[in-house]
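Some notes on the structure that comes next.
The values are calculated or read from the model by the stated rules, or taken from the named source; none is laboratory data. None of these values were measured; they are calculated from a predicted model. Cβ coordinates were reconstructed from backbone atoms using ideal geometry, including for glycine residues, and neighbour counts include every protein chain displayed. Calculation scope for accessible area: heavy atoms of the full protein, side chains included, ligands and nucleic acids excluded. Shrake-Rupley method; radii C 1.70, N 1.55, O 1.52, S 1.80 Å.
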Amino acid sequence: MERGNGGGRRGNPDVKRMWRRIRPLIVFLLSLSICLGVLVAAANIAFEKLFAPVDADDATPIVVTIPSSSGASRIANILYTAGGTDAEGNQLPGLIASKTVFKIYADFTGKTSKLKAGTYVLSRNMDIGQILDIICKGNPPRTTMRLTISEGTTVEGIAEKLVALGVLSDSEEFLALCKTGEAFDYSFLSAIEQNPDEARRYLLEGYLFPDTYEIYTDESAKSIITRLLLRFRNVFSDEYAARAQELGMTMDEVVTLASLIEKEAKVESDFAKVSAVFHNRLNAGMRLQSDAPLKYIFNTTGTLTYTEEQMNDPSRYNTHVYEGLPLGPICNPGERAIRAALYPNEDYVSEGFLYFCLMDATTGENAYAKTLEEHNANVERYKDSWNTTQ
């Protein structure tokens with residue numbers, strides 16, 4: 001048995017020699033695996049940055065014209081510079097992130113010789129492969145149209161306009177998407193606090209920014225909503241966010257207040273004044289007693305008077321019944337109203353104005369008062385000039 005053990009020990013040098021022979025191979029294979037992993041990770045990053053869409057959320061139509069006899073290099077340059085420049089001359093993002101990658105991809109896929117001249121409507125949410133396919137097929141461009149959304153338009157009003165323009169066959173999908181907002185992953189939407197006692201009519205009310213847009217005539221409801229939400233995100237700047245924090249308000253509270261201002265102010269000079277009155281009443285713990293939410297509750301347009309029963313409606317939107325801001329925005333306010341909500345007229349704030357009423361039903365100009373007595377006098381003075389409808 002001792003000899004057997006000695007034989008085992010004599011076998012160890014063979015194992016060591018074998019290990020010395022295969023160890024470089026094992027080290028090489030491990031190193032190769034690590035390198036391949038790094039290369040794969042780097043390739044994924046490169047794909048995300050260079051091959052993927054410039055902006056997956058931006059469906060804004062961009063019209064590009066490719067002249068006849070254009071090679072891959074010229075087409076790549078057209079696509080790269082398609083975003084134009086800003087006011088300071090800085091190049092804005094185009095339709096591709098890299099001209100070189102576009103040309104390499106076109107060569108690699110054998111599509112360089114298939115690129116066709118023509119006018120195309122493309123967008124930044126298309127990747128290089130999609131753009132190449134369109135240019136190679138020579139498909140006729142998707143037609144576009146101008147969509148103008150006025151300040152103060154509601155979600156339902158926007159849906160009705162899209163149906164009237166023939167963009168949407170009906171408003172059902174559009175309204176369903178706006179109802180919950182679940183299909184849109186934006187931090188300013190997830191920050192909205194829902195009232196447990198009553199759900200908002202539309203979670204996206206207030207956030208579909210009113211502006212003029214160039215949209216596809218066959219664009220989907222979700223794509224259109226995305227455009228409007230992105231525009232809101234761009235307008236509500238860091239300055240506005242900082243100012244809201246300074247006032248102790250959330251973005252949602254600012255938008256809700258702005259929606260009231262949008263409905264109560266008609267002339268330029270009234271926006272900041274109406275805001276001052278609302279801020280003073282909020283700070284004093286008074287009910288806002290605005291009629292504007294009643295129009296939202298009862299879906300009325302142009303009405304200037306409401307019944308006692310309507311003014312006592314239990315909806316959480318009703319500022320005649322509940323203190324503070326209504327349940328949520330009652331329309332989609334423009335930047336002028338948003339700015340007014342953040343920067344009320346300082347003189348009217350410091351002087352303690354608490355009331356306003358319509359002074360001229362034709363122009364929409366308001367009259368302001370500090371006391372209830374002054375306000376009642378204004379009402380008596382101007383009520384005869386009011387019409388039942390605007």
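Here are the numbers for this structure:
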quantity: Residues of the stretch 110-131 classified as within 26 Å of residue 57 (Cβ to Cβ) and not basic (Lys, Arg), total; calculated: 12
quantity: Subset of the stretch 352-376 (residues that are at positive phi and either out of contact with any strand residue (DSSP E or B) (no Cβ under 9 Å at 6 or more places or on another chain) or open to solvent by 50 Å² or more (accessible area, probe 1.4 Å) (or both)); calculated: 352
quantity: Residue, nearest to residue 60 (Cα to Cα), within the stretch 92-104, restricted to residues that are touching a helix residue (DSSP H, G or I) at 6+ places or on another chain (Cβ under 9 Å) and open to solvent by 70 Å² or more (accessible area, probe 1.4 Å); calculated: 99
quantity: Candidates 113, 169, 123 - the one that is touching a residue at least 60 places away in the same chain (Cβ under 8 Å), small (Gly, Ala, Ser) and on the phi < 0 side of the Ramachandran plot; calculated: 123
quantity: Leading residue by the ranking (farthest from the chain's Cα centre (by Cα)) among those in the stretch 304-329 that are in a loop (DSSP other than H, G, I, E, B) and of a type in the set (D, E, K, R); calculated: 313
quantity: Selection count, the stretch 130-172, where residues are in a helix (DSSP H, G or I) and either of a type in the set (Val, Ile, Thr) or open to solvent by 50 Å² or more (accessible area, probe 1.4 Å) (or both); calculated: 14
quantity: Breaking point among (1) closer than 19 Å to residue 338 by Cβ; (2) over 13 Å from the mean Cα position of the chain (by Cα), for residue 227; calculated: (2)
quantity: Some residue of the stretch 311-327 being open to solvent by 30 Å² or more (accessible area, probe 1.4 Å), in contact (Cβ under 8 Å) with a residue 60 or more places away in the chain and over 30 Å from residue 212 (Cβ atoms); calculated: yes
quantity: Residues being in a loop (DSSP other than H, G, I, E, B), over 17 Å from the mean Cα position of the chain (by Cα) and buried (at least 22 other Cβ atoms within 10 Å of the Cβ) - total across the stretch 330-345; calculated: 2
quantity: Residue list for the stretch 211-225, restricted to those being open to solvent by 10 Å² or more (accessible area, probe 1.4 Å) and under 23 Å from residue 180 (Cα atoms); calculated: 211, 220, 222, 223
quantity: Candidates 379, 349, filtered to the one that is touching a residue at least 12 places away in the same chain (Cβ under 8 Å), surrounded by fewer than 18 Cβ atoms within 10 Å (Cβ to Cβ) and within 35 Å of the chain's Cα centre (by Cα); calculated: 349
quantity: Flag if residue 89 is surrounded by fewer than 14 Cβ atoms within 10 Å (Cβ to Cβ), modelled with pLDDT under 90 and in contact with a strand residue (DSSP E or B) (Cβ under 9 Å, 6 or more places away or on another chain); calculated: no
